[in-house]
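> Take this structure, written in structure tokens, and hold onto it; I'll ask about it next.
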Amino acid sequence: MASPVAPDALAYTAKDWLKYGSTESPSTREKMIMLAIEDIITVGPADFNAFRVCDRIDIKHPMVNYYFGNRDGLLAEATWWAYQEWSKNVRRSMREAPADPEKRLRAFIEEECVWAERMGGMYLLLQYPLASAGSHVIVAENYGEKMQGIFDYHLALLATTIVDLRSGKLSSLDFDEDSIPTTALLLHPAEVIASGHVAWMTHGLASWSTGQHTATRKMPTRGIKGLTVGIARSSYVDQIIKVARGA
């Protein structure tokens with residue numbers, strides 16, 4: 001029988017918890033969700049261990065069932081939690097960027113890749129919650145509609161930015177999921193379609209940035225990291241901007 005995991009997370013401070021959310025003093029349930037995310041980042045969703053989460057804050061294993069029903073329930077809540085944090089990162093990156101459409105778009109792409117690199121396997125899981133059939137069902141039933149609303153909001157942010165990029169204007173990005181300027185965007189079908197292209201291209205680059213792509217995982221060890229990875233990434237970002245411009 002494996003030795004219990006040391007309860008190291010009992011020593012976590014606000015700084016540690018803020019890595020995975022905006023809660024400085026999380027409840028036990030919230031700690032379990034954030035430690036689940038940390039575990040998935042470390043070992044991947046397949047080897048995620050719900051009992052290890054309990055051991056790290058020195059609580060009994062049945063607490064998984066008490067708060068989440070089972071392992072799948074905890075996995076589903078971790079997915080939803082991370083999806084919301086991903087959304088916050090997207091809107092923050094674009095709203096805090098310089099007031100210029102291209103700079104906003106480049107900030108979005110860069111922050112998406114940085115966040116994906118930091119989250120590793122968790123980034124892939126939140127985009128494709130297929131670690132287990134059970135957790136996928138829970139995510140779809142409990143949060144599918146909300147996740148669709150968040151995704152539509154992100155496309156609206158991108159579409160608005162692309163309209164600005166092509167028209168030379170500068171729009172406010174102060175709308176949210178409940179106030180998407182749908183009517184205005186319907187006047188720009190080409191830009192709306194382009195926003196989907198940009199979203200998928202960025203997602204592909206971000207997924208590659210997690211370091212989970214087997215075929216290219218060893219590229220940084222070949223002695224030409226800056227030449228190979230850096231230039232490839234920069235070149236692809238330029239291609240995304242061209243698509244946004246309609247070039």
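The values are calculated or read from the model by the stated rules, or taken from the named source; none is laboratory data. Everything quoted here is computed from the prediction, not taken from an experiment. So basically every Cβ, Gly included, is an ideal-geometry build from the backbone, and we count neighbours across all protein chains shown. Remember, those area values only see protein heavy atoms, side chains included, never the ligands or the DNA or RNA. Shrake-Rupley method; radii C 1.70, N 1.55, O 1.52, S 1.80 Å.
> GLY44: open to solvent by less than 50 Å² (accessible area, probe 1.4 Å), over 23 Å from LYS146 (Cα atoms) and in contact (Cβ under 8 Å) with a residue 60 or more places away in the chain, yes or no?
So GLY44 fits the description; yes.
> Assess whether ALA11 counts as being hydrophobic (A, V, I, L, M, F, W, C), free of Cβ contacts under 8 Å to residues at least 24 places away in the same chain and out of contact with any helix residue (DSSP H, G or I) (no Cβ under 7 Å at 6 or more places or on another chain). Outline the logic, then answer.
Values: hydrophobic (A, V, I, L, M, F, W, C): yes; free of Cβ contacts under 8 Å to residues at least 24 places away in the same chain: yes; out of contact with any helix residue (DSSP H, G or I) (no Cβ under 7 Å at 6 or more places or on another chain): yes.
Here the answer is yes, as ALA11 does meet what is asked.
> Filter region 47-80 down to residues that are within 24 Å of GLY144 (Cα to Cα) and in contact with an Asp or Glu (Cβ under 8 Å, 6 or more places away or on another chain) and give me whichever is most open to solvent (accessible area, probe 1.4 Å).
First pass over region 47-80, keeping only residues within 24 Å of GLY144 (Cα to Cα): 48, 50, 64-80.
Filter once more, so that each one left must be in contact with an Asp or Glu (Cβ under 8 Å, 6 or more places away or on another chain): 48, 68.
On the way: PHE48: 9, PHE68: 24 Å².
Selected residue: PHE68.
> How about region 95-106: which of its residues are in contact with a helix residue (DSSP H, G or I) (Cβ under 7 Å, 6 or more places away or on another chain) and modelled with pLDDT under 95?
Within region 95-106, none qualify.
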